[in-house]
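Okay, structure first, notes after.
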Amino acid sequence: MQYTIDRLSKIEGVMVYGNENAENRTGTVAFNLSGVLPERIGNWLDQEYNIAVQTDLQWRLQGNF
């Protein structure tokens, strides 16, 4: 978890939401990449790396991050 937070935080245009310390988080990392639709990021992560990503609007509106 900490590795993921640290790596995402170093990418230009990426905003990682929540506590920066993995010990104070659940197993979820919410992030946004400026100028890229969440669905595109989710599809890419799924197809290229077999990483399951929740990208739909309902998830974001509920504040589940």
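The residues of the chain expose, per residue, 82 Å² of accessible area to a 1.4 Å probe.
Could you work out how much longer the chain between residue 28 and residue 51 gets when fully extended? Use 0.36 nm per residue separation minus the Cα distance between them, nm to one decimal.
Between residue 28 and residue 51, full extension yields an extra 7.0 nm.
The charge dipole of the chain, taken about its Cα centre with unit charges on the Cβ atoms of Lys, Arg (+1), Asp and Glu (-1) only, comes to about 80 debye.
Give me D for the chain in µm² s⁻¹, whole number, from Stokes-Einstein with Rh from the Kirkwood sum over alpha-carbon pairs, 20 °C and 1.002 mPa s. Walk me through the numbers before you get to the answer.
Numbers: Rh = 12.5 Å.
Estimated diffusion coefficient is 171 µm²/s.
In the chain, what percent of the accessible surface is made up of carbon and sulfur (1.4 Å probe, ligands and nucleic acids excluded)?
Carbon with sulfur: 49 percent of the solvent-accessible area.
When the helices in the chain are scored as -39500 (n - 2.57) per DSSP H run of 4 or longer and the sum is shared across all residues, what 222 nm value do you end up with, to the nearest 500 deg cm²/dmol?
Counting only the DSSP helices, I get -11000 deg cm²/dmol.
For the range 11-60, the relative contact order comes to 27 percent (Cα pairs under 8 Å, sequence separation of at least 6).
Gain on full extension, evaluated as 0.36 nm per residue between residue 19 and residue 7 minus their Cα-Cα distance, stands at 2.9 nm.
The values are calculated or read from the model by the stated rules, or taken from the named source; none is laboratory data. Keep in mind it's a predicted model, so treat the numbers as computed, not measured. With ideal geometry, Cβ positions are generated from the backbone for all residues, glycine too; neighbour counts draw on all protein chains shown. When the accessible area is computed, the model is the full protein with side chains, heavy atoms only, and any ligands, DNA or RNA have been set aside. Shrake-Rupley method; radii C 1.70, N 1.55, O 1.52, S 1.80 Å.
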